[in-house]
Each structure stands twice: as structure tokens, then as C-alpha cells.
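Let me begin by presenting the structure, written as C-alpha cells, before commenting on it.
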Amino acid sequence: MTYRQAAKFYDLFGSKNDVDFYRGLALQCGNRALEIGVGTGRLAIPLAQAGITVVGIDNSIHMLRWARTKLAEESQLVRKHVVLKKGDMRNFDLGLSFPFIYLPASTFDHNTTAEEQNQTLDCVHKHLEKNGVFAFDLEQVRVDAPLNSWWIDRRRVGRRRMVVRSIFTRRDLKKNVCTLDLFFDIYENGRFDERYHEYGDVAIIGKDQIIKLLEQNHFTIENIYGDFDLSRHRKMSPKLVLVTRRV
Ligand SMILES: C[S@@+](CC[C@H](N)C(=O)[O-])C[C@H]1O[C@@H](n2cnc3c(N)ncnc32)[C@H](O)[C@@H]1O
């Protein structure tokens with residue numbers, strides 16, 4: 001996914017309950033963090049407001065553009081705390097190491113092959129200080145979930161505009177991949193105006209698989225949660241939230 005079309009709607013539909021979790025961990029680890037797949041700065045900006053210096057990388061120029069636009073509205077102090085760079089999580093070298101790295105909003109799922117997953121974990125490992133913390137979350141698909149599904153959501157923008165987002169998903173059980181199609185339909189004064197389409201694949205990664213990958217890549221697991229409320233991970237949990245440490 002390039003997020004070319006989705007970038008401008010990301011924050012409109014993007015509210016999540018993960019800010020306290022990632023900000024809390026970042027503060028415990030010191031005052032510097034690396035966010036991989038920083039997107040529109042949805043998390044990087046609140047972390048910077050808390051005094052943490054965040055380096056954020058992303059491979060979508062469209063998402064980075066939105067992050068820069070949002071950052072321009074922040075105070076000089078907050079702006080100084082955020083550094084945005086274009087980079088691919090599977091292959092980047094910042095020449096820096098961090099006490100805390102986070103990869104939020106199921107972004108690790110964008111790695112659809114074992115090779116890409118290993119490349120990303122290798123890059124994280126190289127950028128993490130010894131004993132540094134790496135936290136991330138994965139979407140969990142319930143075993144009883146249908147193979148094909150869709151959901152529709154909408155948001156009002158101002159008095160005249162309505163954005164309707166439809167997401168269609170198809171699960172490929174052999175490849176453990178979910179194919180997504182996102183449509184954004186824009187209505188002005190109740191009349192259809194235009195449609196944007198975005199599509200891509202995301203991996204379906206289970207608990208045993210990610211634990212094995214992390215161990216192979218020299219991370220120890222500190223905590224596994226089922227959601228950002230820090231509940232225990234169970235079969236039916238909506239998320240897999242992992243807190244790991246570099247060996
Ligand atoms: C679900 S969004 C999360 C954005 C932000 N971290 C947040 O929590 O709101 C995923 C982000 O990861 C970025 N991304 C996807 N694949 C990537 C890759 N290979 N390298 C770097 N960034 C990537 C996308 O461009 C997008 O901005």
C-alpha cells in the first residue's frame with residue numbers, strides 16, 4: 001500500500017487507544033525513540049509533546065507530507081523533538097541507536113513474507129541499544145471470522161462533507177495473507193462527488209509464529225498483551241501487543 005489516497009483520510013478514521021501505552025513505554029526508556037512507519041505522526045506528535053525526541057521513518061511520501069503539515073502547527077519545541085525521514089523498515093540504516101523502538105498500528109503486518117519479517121527485525125535489532133525495548137502490535141484474526149468480510153464507516157467533515165470508508169478483506173489461509181481494498185467515497189451536500197481506492201496485502205501472524213521469529217532474531221519477550229488495556233492475550237483477543245528487549 002502506498003497510502004497515496006488513504007493518507008488524507010488516515011487521521012479521520014485513525015483514532016486508536018494506543019497513545020498512553022506507547023508514550024508510557026517511551027518515557028520509561030528515556031527520552032529518545034524511533035517510530036517505524038510513523039505515518040501522519042498520530043503517535044509521534046503526542047510523544048514529542050511529552051518531551052520525547054522521536055525519529056520517525058516511513059516509506060510513504062504521502063503520509064510523511066501529512067505528518068509535516070501537522071507538525072508545522074505545533075510549537076517550536078515540539079517541532080524540534082520530531083525528525084521525519086523516508087525509509088523502508090526492511091532496509092534502513094540511520095547510523096543511530098535508540099533505547100526504545102516502536103512499530104505501532106499493526107504496521108509489522110505489512111511484511112507479508114518471512115524474509116521481509118526477518119529483514120525488519122534485523123533492522124530493528126541494529127538500531128536498538130543493548131537491553132533496549134522494542135514494542136509493537138499485530139492485528140489478530142479470530143479463528144471463527146469469515147474468510148471474506150467488509151465494513152463501512154463514515155465521518156462528517158464540516159457541515160457539507162461526508163467521507164464513507166468501505167473496507168473489503170479476503171483471507172488467503174494458505175499464504176496467511178489478507179488482501180484489503182479500501183474505498184473512500186466523498187459526498188458533498190449529500191451528493192456523491194468522488195471515490196478514492198487503495199489496496200494491498202497484510203500478513204496474518206499468530207502468537208507462536210511471532211514468538212519464534214523474535215527469538216530467532218535475538219529478542220527476549222517481556223510481556224504479551226491482548227490489547228492496550230494490558231489484558232492477558234487469549235485466543236479471542238483483538239490484538240497481540242508485544243514488549244520485547246534486545247538480548
Ligand atoms: C497503519 S499506518 C500506521 C501509521 C502510524 N504509525 C500510526 O500509528 O498512526 C502504517 C504506516 O506504515 C508505513 N509503512 C508501510 N510499509 C512500510 C515499510 N516497508 N517501511 C516503512 N514504512 C512503511 C505506511 O506508509 C503507513 O504510514
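Every number here is computed from the coordinates shown, using simple stated rules; none is lab data. Only a predicted model underlies this, so the values are computations on that prediction, with no experimental measurement involved. All Cβ positions, even for glycine, are placed from backbone atoms using ideal geometry, and neighbour counts span all protein chains on display.
The trypsin sites (Lys or Arg not before Pro) of segment 104-171 meeting both criteria, a DSSP state outside H, G, I, E and B (loop) and at most 13 other C-beta atoms within 10 angstrom of the site's C-beta, are R142, R159, R160. With both labels modelled 7 Å from their Cα along Cα-to-Cβ, the N31 to K175 distance reads 4.7 nm. What residue among Y22, Y187, Y225 shows peak mean-square fluctuation when the chain is described by a Gaussian network model with Cα springs under 10 Å? With Cα springs under 10 Å in the chain, the top fluctuation among Y22, Y187, Y225 is at Y187. Taken over segment 150-203, the ratio of Cα radius of gyration to 2.2 N^0.38 Å equals 1.39.
Tell me the mean residue ellipticity at 222 nm calculated for the chain from its helices only (DSSP H runs of n ≥ 4, each -39500 (n - 2.57), averaged over every residue, nearest 500).
-7500 deg cm²/dmol
Using C-alpha pairs below 8 Å separated by at least 6 residues, the relative contact order for the chain is 17 percent. Rg ratio for the chain: its Cα radius of gyration over 2.2 N^0.38 Å, N being its residue count, equals 1.02.
A protection proxy built from the mean count of other Cβ atoms within 10 Å ranks the segments 131-138, 9-16, most packed first, as 131-138, 9-16. Between S75 and K16, the modelled labels are 2.7 nm apart [label points 7 Å from Cα along Cα→Cβ]. Label-to-label distance for K126 and D229 is 4.1 nm, based on points extended 7 Å past Cα in the beta-carbon direction.
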